[in-house]
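Trainee: My questions will all concern the structure given below.
The values are calculated or read from the model by the stated rules, or taken from the named source; none is laboratory data. Please read these numbers as outputs of a predicted model, since none were measured by experiment. Here the Cβ is made from the backbone with ideal geometry for all residues, glycine too, and neighbour counts use every protein chain on show. Areas reflect the complete protein model, heavy atoms only, side chains present, ligands, DNA and RNA absent. Shrake-Rupley method; radii C 1.70, N 1.55, O 1.52, S 1.80 Å.
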Amino acid sequence: MLLHIPQVLAAEEVGRIRTALDGAEWTDGRETVGAQGATVKRNLQLAEASPLKAELGQRVLAALERNALYFSAALPLRVLPPRFNRYEGGGHYGFHVDGAVMANGAGKARGHVRSDLSCTLFLCDPDEYDGGELVVSDTYGEHEVKLPAGDMILYPSSSLHRVAPVTRGARLASFFWVQSMVRDEGNRRMLFEMDMAIEALRTGGADSTAVLRLTGIYHNLLRQWAEV
Ligand code: NI
C-alpha cells in the first residue's frame, strides 16, 4: 500500500527546517548505503553524526506523534532516526531495494530496526524542481510520487524504487524507516481499513453499541497480530 499523508509538517515548520538546511554541510549519500546501492546512488545527505540531523529528525518525529493517519497506517514499533537528503544537478538514485535490517544507535545502545515501511517527507514543492519523482514499483506497476512540501508518502520497504534525476533546482526530503508492530502487510492493511471505517461510522453518528463492538474486534485483531 502506498499512502499519501498530507501536511505532516505545517508550512512554517517546513520553512524553519529549510532555513536550517540552507546552511548545512552535505556529504556524499553513499555514506549510508551498501554495495548494491552505492552503484546507483548519487545524492547528498546530512552526515550521520551531524547534530543538525539529530535535531531536525526530532522535529519530524514530534510531528509524526501528532499524526493519527500515520499511526493507524504504520502501527510503528521502532523508527530509525530520520535522515535528510538533497538531489540536484542530475542527482538521482537508481532502482534498489532498501536494506531489511538496519543498525540503530552505537555502542551498548545499539539496536536494530527491521524496515517494514519506508517514508519520504517532501520539503520542497513540486514546482521548485524538475524530475526527482519517487518511483515505486509494485505488483500493480510503477507509481510516480511528487508531493507538496510537508506531505509524506509511506510505502512498503520490500518494493523496488528509485528517485528520478533532478534536472532543475534542488529536491530536499527527509526519509526514514519504520518497523511496524504488525509485520504482515496484508494484516496491517486490513487493520488500517477497519480503523478508517470505524472512524467514519463514529463521526457519521452510527449506532454506538455496534461501533463499540467493531472497535473491540479491531483491538482483538491487533492483539493477535502485534509483536511488541
Ligand atoms: Ni530506498
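Trainee: Leaving out same-chain residues fewer than 8 places away, which lysines sit with a Cα under 28 Å from that of LYS146?
Mentor: Once the sequence-local lysines are set aside, what remains near LYS146 is LYS41, LYS53.
Trainee: By the scheme Lys and Arg +1, Asp and Glu -1, what is the net charge of all other residues having a beta-carbon under 15 Å from that of HIS92?
Mentor: +3
Trainee: Using R₀ = 45 Å, calculate the FRET efficiency as 1/(1 + (r/R₀)^6) where r is the Cβ-Cβ separation of ASP125 and THR209; round to 0.05.
Mentor: Result of the calculation: an efficiency of 0.45.
Trainee: Starting from the Cα-Cα distance between VAL40 and LEU2, subtract it from 0.36 nm times their residue separation and give me the gain in nm to one decimal.
Mentor: 11.4 nm
Trainee: Under a 10 Å cutoff between Cα atoms, tell me which one of ALA103, ALA73, ALA47 has the largest fluctuation in the Gaussian network model of the chain.
Mentor: Largest GNM mean-square fluctuation: ALA103.
Trainee: Taking every pair of alpha-carbon atoms in the chain, give the share separated by more than 25 Å as a whole percent.
Mentor: So the portion of pairs separated by more than 25 Å is 43 percent.
Trainee: GluC sites (Glu not before Pro), restricted to region 2-100: which are DSSP loop and have at most 12 other Cβ atoms within 10 Å?
Mentor: When the GluC sites (Glu not before Pro) of region 2-100 are filtered for loop state and at most 12 Cβ neighbours within 10 Å, GLU25 remain.
Trainee: I would also like to ask the following. Would you mind telling me the share, in percent, of accessible area of region 185-225 contributed by carbon and sulfur at probe 1.4 angstrom?
Mentor: So the carbon and sulfur contribution to the accessible surface is 58 percent.
Trainee: Pick from ARG42, ARG202, ARG83 the residue whose mean-square fluctuation is largest in a GNM of the chain, springs joining Cα atoms under 10 Å.
Mentor: With Cα springs under 10 Å in the chain, the top fluctuation among ARG42, ARG202, ARG83 is at ARG202.
Trainee: Oh, and also: Report the calculated FRET efficiency for ALA20 and ILE217 (r = Cβ-Cβ distance, R0 = 41 Å), to the nearest 0.05.
Mentor: 0.35
Trainee: So, one more: Work out, step by step, the length gained on full extension between GLU199 and ALA109: first 0.36 nm times the residue separation, then minus their alpha carbon distance; give nm to one decimal.
Mentor: Computed gain between GLU199 and ALA109 is 28.6 nm.
Trainee: Within region 82-179, which chymotrypsin sites (Phe, Trp or Tyr not before Pro) sit in a loop by DSSP and count at most 13 neighbouring Cβ atoms inside 10 Å?
Mentor: Answer by residue number: TYR140.
Trainee: Within region 146-164, find all residues whose amide N lies under 18 Å from a label point positioned 7 Å from the Cα of ALA11 along Cα-to-beta-carbon.
Mentor: The answer is 147-152.
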